[in-house]
Amino acid sequence: MTAARYVKPKHTTNAFNTMVAVLTRTGISIWGSRELYVRGRTSGEWRHNPVNLLTHDGERYLVAPRGHTQWVRNLRVAGEGELRLGRRVERFVPTELDDTDKPAVLRAYLRRWKFEVGVFFDGVDASASDEQLLAIAPGYPVFRIRTAPALD
């Protein structure tokens with residue numbers, strides 16, 4: 001078994017993410033951006049990152065283009081999170097997709113955000129075959145998200 005794929009962000013990525021996060025916090029979504037809040041798997045403290053919320057075939061997804069990141073690991077352990085846009089907060093429950101279910105979602109994600117995340121896909125784009133997308137699927141965690149029941 002190979003090590004989980006993770007692409008460490010560069011300074012320019014951090015700068016871009018900071019800009020998107022600031023805009024998202026003020027209620028301005030950049031192509032579907034949200035700020036993901038999830039509890040740290042060790043500390044229990046809230047952690048946050050900008051993410052692209054994809055809607056595909058009536059379902060909503062979070063894709064991790066840089067691989068098995070800290071937010072992915074935290075979300076797996078926490079089993080819930082929040083998506084924020086300005087003052088709007090949506091609690092959600094994630095379900096991680098099996099690799100065999102990822103190709104159509106990865107294709108839709110690349111079709112929408114290739115200009116932003118294409119560098120993380122090593123030349124694979126939305127025109128890739130299902131076989132090509134299936135081959136890279138283990139390195140790209142994908143979560144289907146559903147709104148969590150309201151708290152009493």
Worksheet item: When LEU75 is evaluated against the numbered criteria (1) open to solvent by less than 20 Å² (accessible area, probe 1.4 Å); (2) assigned to a strand (DSSP E or B); (3) under 23 Å from ALA150 (Cβ atoms), which criterion, by number, is the only one it fails?
Response: (2)
Worksheet item: Quick one: is VAL124 more than 17 Å from VAL51 (Cβ to Cβ) and either touching a strand residue (DSSP E or B) at 6+ places or on another chain (Cβ under 8 Å) or open to solvent by less than 60 Å² (accessible area, probe 1.4 Å) (or both)?
Response: yes
Worksheet item: Residues in segment 28-42 that are within 19 Å of VAL77 (Cα to Cα) and either open to solvent by 60 Å² or more (accessible area, probe 1.4 Å) or among the basic types (Lys, Arg) (or both): how many?
Response: 3
Item to complete: Looking at (1) in contact (Cβ under 8 Å) with a residue 40 or more places away in the chain; (2) of a type outside the set (S, T, N, Q); (3) surrounded by 18 or more Cβ atoms within 10 Å (Cβ to Cβ), find the lone condition where ARG25 falls short.
Response: (3)
Worksheet entry | Which listed residue, of ARG91, ARG47, ARG112, is more than 12 Å from the chain's Cα centre (by Cα), assigned to a helix (DSSP H, G or I) and among the charged types (D, E, K, R) | ARG112
Worksheet item: Which condition number does ILE136 fail, the rest of (1) open to solvent by 60 Å² or more (accessible area, probe 1.4 Å); (2) at pLDDT 90 or above; (3) farther than 20 Å from GLN70 by Cβ being met?
Response: (1)
Worksheet item: Are any residues in segment 80-99 within 14 Å of VAL63 (Cα to Cα) and of a type in the set (D, E, K, R), and if so, which ones?
Response: GLU96, ASP98, ASP99
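The values are calculated or read from the model by the stated rules, or taken from the named source; none is laboratory data. This one's a predicted model, so the numbers in the text were calculated from it and none came from an experiment. Positions of Cβ are backbone-derived with ideal geometry, glycine not excepted, and every protein chain shown enters the neighbour counts. What goes into the accessible areas is simple: the full protein's heavy atoms, side chains included, and nothing from ligands, DNA or RNA. Shrake-Rupley method; radii C 1.70, N 1.55, O 1.52, S 1.80 Å.
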